Every structure is written in structure tokens, then in C-alpha cells.
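The next block holds one structure in the form of C-alpha cells; read it before the comments.
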Amino acid sequence: MAEEDVRSYADERRRILVELERERNLLIRNIETCRIRDIERPFIDQWSLKDIVAHIASWEAEVVSAFRDLRDAQHPAIFDFDRSRIDAWNQDHVERMREVNFFGVMERLHGNRHRLSDEIAHVDDESIGAPSAPHNRLLRMLIDHDREHWREIAARLAGMPGVRHDAPSPPPIQSQSQRAG
């Protein structure tokens, strides 16, 4: 591999990690802007703010699992996810977290990000920086997923009917029929 490629992958890795952090910070900032009453009652469609956070935490846990699979030379199940089951999967995972209080759900969200950071530390620059690399695709999915949800929350807080979608939908993190869930 040429020195130029190595530098390019390192630069792309830094760019992706900055974008990953930026989108998560925007998500957290928008969550923190919400009112206490939005935590448990329907906020976007039928999902409360807690449901949305649980949904995001569940998908991030799947990405952490995929990173571990890749480290163990296994094929991550997330790449074979049946898109027709997204709505059911989302609802099932949100239901599993319904008994957890909001602060516990937020702890899971933060904990998953720490676990992801630990996994990223084990991955070389090319695997993160090369656009076709599985690790890169997984991180792009998380970036798009956080962005989609913080924009929805921000639009709701601003009293807007919805979000203008200027980027392709992130596969398989979210279905078309259930933007908030």
C-alpha cells in the first residue's frame, strides 16, 4: 500500500469519527432540549422520546455486535437483515426497553457508544476509511441514523410537520414507513 493511501485512510478515519461524534452530539443536544413530558408520551408518531432513544440504542448495540463479528472473522448478521422485518424488529426492541426508566435508556445509549469506541480502537485505518469496507458502512449507518433522528426531534421541537430528507435512507437502520421508529 502506498504511503499516500495510508495517509488518505487515516484522514478519512478521522473525518468519519468526527462526523460520528458530531451527529451524536447533535442528537443528545436535541434530546436534552425536549420537555420532561415528552419522555413518556407520544412525541413523534406513537413513540415517546424514551422510545426513540431506546430504538437508537438498540441499533447501536447491533453495530457493536457487528464490529465484534468482524473482529472474529464472522459475517455480521446486520448485513443480511430482512428489510421487511424492520418495523417489527424496531417495535420489539423498543418494547423490551419500556420498563427501563429514561435515565437507564440514556445510560445504554452512552454505554453502547463507549463499547463502539472500544471496538473502533481495534480497527485499522483502511477498514474505517475505505468506503467499501464493512466497518465504514456500519459507521455511515450510525451517522445517518443519528442524523435522521436528531433532525426529526428538532423539527418536532420547532413545530414543523416533518423533516426534509436530503440524504438517502440509511439501510437497514430505519424503515420508510416508520421514520420515528
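The values are calculated or read from the model by the stated rules, or taken from the named source; none is laboratory data. Keep in mind the model is a prediction, meaning the values are calculated, not measured. Note that we place each Cβ from the backbone using ideal geometry, even for glycine, and neighbour counts take in every protein chain shown.
Sort out which residues of the stretch 75-111 are basic (Lys, Arg) and either on the phi > 0 side of the Ramachandran plot or buried (at least 18 other Cβ atoms within 10 Å of the Cβ) (or both), and write them in order of number.
Scanning the stretch 75-111 gives a single hit, ARG108.
Every residue, every condition in (1) touching a residue at least 60 places away in the same chain (Cβ under 8 Å); (2) touching a helix residue (DSSP H, G or I) at 6+ places or on another chain (Cβ under 7 Å); (3) farther than 19 Å from ARG151 by Cα, yes or no:
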residue: ARG29; (1), (2), (3): yes, no, no
residue: TRP59; (1), (2), (3): yes, yes, no
residue: ARG68; (1), (2), (3): no, yes, yes
residue: ALA88; (1), (2), (3): no, no, yes
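From SER48, SER58, SER84, SER65, grab the single residue that is at pLDDT below 95 and hydroxyl-bearing (Ser, Thr, Tyr).
On inspection, the qualifying residue turns out to be SER84.
Give ASP72, ASP51, ASP45 a once-over and let me know the one that is surrounded by fewer than 16 Cβ atoms within 10 Å (Cβ to Cβ) and farther than 21 Å from ARG115 by Cβ.
The unique qualifying residue is ASP45.
Specify the residue that is nearest to GLY111 (Cα to Cα); the eligible residues are those in the stretch 31-54 that are touching an Asp or Glu at 6+ places or on another chain (Cβ under 7 Å) and in contact (Cβ under 8 Å) with a residue 60 or more places away in the chain.
LEU49
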